[in-house]
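The values are calculated or read from the model by the stated rules, or taken from the named source; none is laboratory data. Just so it is clear, the model here is predicted, and its values are computed rather than measured. Reconstructed Cβ throughout: ideal geometry from the backbone, glycine too, with neighbour counts over all protein chains shown.
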Amino acid sequence: MTQTVDDLEAVRAIIKTLDPFEQKDKERIIRWVLEKLGQTTPSISQTQVIAGLQDLSETDLHVKVRQFLKKSGLTVGLINQIFYKEGTEIKPLYDDLKSTKAAESQIRISLLHALKNAITTGDFKFNGEDVRAETQLRKCYDAANFAATFKYNKDMFDVFTKYKKNSPFISLSSKGKERLAEVIKELQ
């Protein structure tokens, strides 16, 4: 398991390093590195797959997300530091939520799940049960206060009165989107 984490961190570092380059330059750099390592040079299509893992462009973002970025003073480049695209799937790049508190981690995970959903659908909403699962994986799950954390932060959510496990979808309010913009900047 430790090797997998190290491999993922290495891939993230490579993706982050290649981010400022144009696609054709990324492909050239990857081919050159593979040659220097004594590996066979992959075909152009294989190199494009390797180099294009994280490439989210403006056209990949739903129009509502583009408007959110513009209003918040954020860029696609900042989103690329948090998410990447693998095929048609959006996947997280973040490891560190930059919080040691369970409640703050839960809120950050919620906001990032809402952004991930909005990238493709335009709806800034998340599934509370997906958040529960990720908090458990990250060892920041507070079972006694999970629902209370949402209720305490209810001003970040639209029409929120109580967390319901059988109806776990929660939409962000304008204040929630403002907090999301702050979290995106903090995770850089």
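Key figures
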quantity: Restricting segment 80-113 to residues that are in a helix (DSSP H, G or I) and β-branched (Val, Ile, Thr), the residue that is farthest from Leu18 (Cα to Cα); calculated: Ile107
quantity: Test result for Tyr152, free of Cβ contacts under 8 Å to residues at least 60 places away in the same chain and more than 16 Å from Phe126 (Cα to Cα); calculated: yes
quantity: Any hit, segment 176-188, residues being in contact (Cβ under 8 Å) with a residue 40 or more places away in the chain, in a loop (DSSP other than H, G, I, E, B) and more than 20 Å from Pro92 (Cβ to Cβ); calculated: no
quantity: Scan of segment 130-163 for residues that are surrounded by 12 or more Cβ atoms within 10 Å (Cβ to Cβ) and part of a loop (DSSP other than H, G, I, E, B), ordered by number; calculated: Arg138, Cys140, Tyr141, Asp142, Asn153, Asp158, Phe160, Tyr163
quantity: Contacts under 6 angstrom Cβ, first residue in segment 103-127 being under 13 Å from Met156 (Cα atoms), partner aromatic (Phe, Trp, Tyr) and modelled with pLDDT of 95 or more, 6 or more apart; calculated: Ser110/Phe126; Ala114/Phe124; Ala114/Phe126
